[in-house]
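Read through the structure below, which is laid out as structure tokens, and then see the notes.
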Amino acid sequence: MTNKQTILIIEDEKNIGNYMETIVVAKEYKALRATNGLSGLSMCTSYHPDLILLDLGLPDIDGMDVLKQIRSFSRIPVIVVSARTQEKEKVLALDNGADDYITKPFGSEELLARIRTALRHRSQVSDAAPEQQIYSRDGLVIDFDRRLVTLNGQDIHLTQIEYKLVSLLAKNAGRVLTYDYILKDIWGPFADTDNQILRVNMANIRRKLEKNPAEPYYIFTEIGVGYRMKE
Ligand code: CA
């Protein structure tokens, strides 16, 4: 196997670094390790990994600064791995260009799913592939070309805004989109809107799409951060 994708793990805690390395190596990825921010940055430029798992609490420079520096020269997928559970940190990491975040402690399946999603989205962007035409998961079908949404074969009638919201999330299925990102994408950068209008629209969407709107199956709330649609 010469075509293994390479994952750079920037993490100062040995046990967690070993844990992540074991998980990714078992799935046929190649792993590189850095235990501080500066060596992480230099490995990023010399080895050109396919994806980075980045701890935020590093001994030399803050992980958030490592992220900003990486983004100044590369679009490589970065998943922030953090013990910090504060929503503010997650939003900041996403706004600074992280593709996703995962909060310690996490399981191997969750980590691998995030890695697959980030790699897939990045290859779609870089190949400039024609946009995916249809989203289809467990009975929910969105036809982007015809702007049609059906659930188990039944037409679902969405307003313009509701459709824009659902299709934005579906085109980014598996990724969390921040409230701010969604607001800017749908209402424009200067619109006088807030999260409340988003919540109202999401409540309406869930009434139309979800069997039990209180326990959504298709569109999840990442509390304090944004929404993520089922892959
Ligand atoms: Ca750490």
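Taking H placed 1.01 Å from N in the peptide plane, check which residues at least 5 places from Gln5 or on another chain put their amide H under 5 Å from its amide H.
Counting only residues 5 or more places away or on other chains, the set is Lys30.
Based on the Cβ-Cβ distance of Ser42 and Asn15, what FRET efficiency does E = 1/(1 + (r/R0)^6) give at R0 = 25 Å, to the nearest 0.05?
Using R0 = 25 Å, I get an efficiency of 0.60.
Quick one: grab the alpha carbon gyration tensor of segment 188-230, order the square roots of its eigenvalues as a ≥ b ≥ c, and give me rounded if a/c is under 1.5, else prolate or oblate depending on whether a/b is larger than b/c.
prolate
Counting only DSSP beta bridges with both residues in the chain, tell me the antiparallel percent, nearest 5.
Percent antiparallel among DSSP bridges in the chain is about 50.
Give me the Kirkwood hydrodynamic radius of segment 108-219 in Å, from all C-alpha pairs, to one decimal place?
Over segment 108-219, the inverse of the mean reciprocal pair distance is 15.3 Å.
As a test question: what accessible area, to the nearest 10 Å², does Glu110 have when a 1.4 Å probe is rolled over all protein chains in place?
Result for Glu110: roughly 80 Å² accessible.
Suppose every Lys and Arg Cβ carries +1 and every Asp and Glu Cβ carries -1, with no other charges. What dipole size does segment 2-110 come out with about its Cα centre, to the nearest 20 debye?
Roughly 240 debye, rounded to the nearest 20.
What net charge is computed for the residues neighbouring Thr6, neighbours being all others with C-beta under 14 Å from the C-beta of Thr6, Lys and Arg scored +1, Asp and Glu -1?
+2
What figure, in Å² to the nearest 10, do you get for the accessible area of Leu177 with a 1.4 Å probe and non-protein molecules left out?
10 Å²
In the chain, if the dipole is taken from +1 on Lys/Arg beta carbons and -1 on Asp/Glu beta carbons about the Cα centre, which of Leu169, Leu183, Leu112 is farthest to the positive end?
Leu169
What is the dipole size for the chain, taken about its Cα centre, with +1 at each Lys and Arg Cβ and -1 at each Asp and Glu Cβ, in debye to the nearest 20?
Taking the Cα centre of the chain as origin, the dipole is about 420 debye.
Along each principal axis of its Cα atoms, how long is segment 17-96 end to end? Whole angstroms, biggest number first, please.
Projected onto the principal axes, the Cα atoms of segment 17-96 cover 34, 27, 23 Å.
Tell me the per residue accessible area of the chain using a 1.4 Å probe; a whole number in Å² is fine.
The answer is 52 Å² per residue.
For the pairs Lys104/Lys208; Lys27/Lys230; Lys88/Lys171; Lys14/Lys184, note any where the Cα-Cα span goes beyond 28 Å.
From the list (Lys104/Lys208; Lys27/Lys230; Lys88/Lys171; Lys14/Lys184), the Cα-Cα distance tops 28 Å for Lys104/Lys208; Lys14/Lys184.
Return the loop-located chymotrypsin sites (Phe, Trp or Tyr not before Pro) in segment 140-231 (DSSP other than H, G, I, E, B) with at most 16 other Cβ atoms within 10 Å of their own Cβ; answer none if there are none.
Phe144, Phe190, Tyr217
At 1.4 Å probe size, with the rest of the protein present, what percent of the exposed accessible area of the chain is carbon and sulfur atoms?
50 percent
Quick check of the Kirkwood formula: for segment 1-54, what is the inverse mean of 1/r over all pairs of different Cα atoms, in Å?
That comes to 11.0 Å for segment 1-54.
Provide Rg and Dmax in Å for the chain, with only Cα atoms included in the calculation.
My reading of the Cα-based Rg and Dmax gives 18.7, 56 Å.
Using the Cα centre as the reference, give the magnitude of the dipole from point charges on the C-beta atoms of segment 43-83 (Lys, Arg: +1; Asp, Glu: -1; all else neutral), rounded to the nearest 20 debye.
200 debye
The values are calculated or read from the model by the stated rules, or taken from the named source; none is laboratory data. All values derive from a computational prediction rather than experimental measurement. Cβ: placed from backbone, ideal geometry, glycine included. Neighbour counts: every protein chain shown. For the accessible areas, the whole protein counts, side chains as well, though only heavy atoms, and no ligand, DNA or RNA atoms are used. Shrake-Rupley method; radii C 1.70, N 1.55, O 1.52, S 1.80 Å.
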